[in-house]
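The values are calculated or read from the model by the stated rules, or taken from the named source; none is laboratory data. Owing to the predicted nature of the structure, the values given are computational and were not obtained by experimental measurement. Ideal geometry is used to build each Cβ from the backbone, glycine not excepted, and the neighbour counts take in all protein chains shown. Please note that ligands, DNA and RNA were not included when accessible areas were found on the heavy atoms of the full protein model with its side chains. Shrake-Rupley method; radii C 1.70, N 1.55, O 1.52, S 1.80 Å.
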Amino acid sequence: MIRNGASLDTESAHASRRVDAAATGADIAVMSDTIDNVTAEREVARTAFGKPHVFVLAAVGGPATEAVFRLCATETVVGRGGEVDIGLDDELVSQQHCRLRIEGSVCTILDLGSRNGTRWNGRDLRAGVAQRLRHLDEIEIGGTRFLVLAGRFTEG
């Protein structure tokens, strides 16, 4: 029951603390089950990041050959520095070389003003201009070539 404008979550949280002194062990168990059921009904199922879309960088050439990176965050910074999400040990890679951004079903790459640039399907990216990536696009970061793998999970 909601009283005085209190939310169901607040009411549920306080219900476990308001056990009548005369309540028996059975009464407490019933109250506990009721609270658990209300909480379970109110919880929203959490899905994996990006679901149903998934983006992967698979190295196909250069010093990092055979490396595979699943993009698991909204933004992923690639570089040689200590504060990057994907680190490449390559002198041709800048400290913070480029940024990959995922928004729903769209993944983009943005060169962060790197010294040697970033290439997309054989073309140089302009610094500060985002480029949409599609399945089987190829990007070069320093001496490493990556293949972009993009897919969608289906229920089943």
Quote the accessible area belonging to V84 in square angstrom, nearest 10, computed with a 1.4 Å probe and with ligands, DNA and RNA left uncounted. 30
Taking 7 Å along the Cα-to-C-beta vector as the label spot, tell me the H135-Q95 distance in nanometres, rounded to one decimal. 3.9
Note down the nm distance, to one decimal, between modelled labels 7 Å out along Cα→Cβ at L149 and at C72. 1.6
Using only the heavy atoms of the protein chains and a 1.4 Å probe, how would T118, T74, T154 rank by accessible area, largest first? T154, T74, T118
Dipole magnitude (debye, nearest 20) for region 60-99, charges at Cβ of Lys, Arg, Asp, Glu: 140
